[in-house]
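The values are calculated or read from the model by the stated rules, or taken from the named source; none is laboratory data. Quantities reported herein were computed from a predicted structural model and do not represent experimental measurements. Glycine also receives a Cβ, built like all others from the backbone with ideal geometry; neighbour counts cover every protein chain displayed. When the accessible area is computed, the model is the full protein with side chains, heavy atoms only, and any ligands, DNA or RNA have been set aside. Shrake-Rupley method; radii C 1.70, N 1.55, O 1.52, S 1.80 Å.
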Amino acid sequence: QVQLVESGGGLVQAGGSLRLSCAASGRTFSNLAMGWFRQAPGKEREFVCAISSGGTGTYNADSVKGRFTISRDNAKNTVYLQMNSLKPEDTARYYCAARTFVVATTVGAFDFWGQGTQVTVSS
């Protein structure tokens, strides 16, 4: 099992920035591909960013390219999501997810999920 705990969410004005963190435990972190997803009220959970287990490959949804950056620190068992130039449409609950070895970009491909952290962007 993998335990994931997100932090860093909050309320921010449009154009502002936030950095989300996700601390992982339970398995060798460097064997885990990690992803960030989000879900707004009344909408399906959607892919945001993902990063390979070694950190060399990153993937971003078109809606966040150029604004969001995923990174990881394998020494700290933590993955980050730096969010810049935030827009009201980025408002959602953000979830960290993990799967073993091979990176993916779909909800169904990830085996382990955190509880999420709320991000609200005001206009």
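Below is a table of values for the structure above.
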quantity: Point-charge dipole on Cβ atoms (K/R +1, D/E -1) for segment 73-121, about Cα centre, debye to 20; calculated: 40 debye
quantity: 3J(HN,Hα) from dihedral phi, segment 91-103, Karplus parametrisation 6.51/-1.76/1.60, rounded to Hz, x for glycine, proline; calculated: 4, 4, 8, 9, 10, 8, 9, 9, 8, 7, 6, 8, 5
quantity: Cut-off under 5 Å, modelled amide H: who pairs with Arg72 long-range; calculated: Tyr80
quantity: Neighbourhood charge, 11 Å Cβ-Cβ cut-off, centred on Phe112 and excluding it, Lys, Arg +1 and Asp, Glu -1; calculated: +1
quantity: Accessible area per residue in Å² at 1.4 Å probe, computed on the chain; calculated: 49 Å²
quantity: Cα-centre dipole for segment 1-54 with unit charges at Cβ (Lys and Arg positive, Asp and Glu negative), debye to 20; calculated: 20 debye
quantity: In Å², nearest 10: area of Glu89 left accessible to a 1.4 Å probe; calculated: 130 Å²
quantity: Mean separation of Cα contacts under 8 Å (6+ apart) over length of the chain, as relative contact order %; calculated: 36 percent
quantity: With every protein chain in place, segment 1-98: carbon and sulfur % of accessible area (1.4 Å); calculated: 44 percent
quantity: Charge sum, other residues only, whose C-beta stays under 15 Å from Asp62's C-beta, Lys/Arg counted +1 and Asp/Glu -1; calculated: +1
quantity: Mean shadow area of segment 38-123, taken as a quarter of the surface of its Cα convex hull (nm²); calculated: 5.9 nm²
quantity: Cα-projected label distance for Thr100 with Lys43, points at 7 Å along beta-carbon direction, nm; calculated: 3.3 nm
quantity: Dipole-positive endmost among Ala92, Ser52, Val107 within the chain (Cβ charges, Cα centre); calculated: Ser52
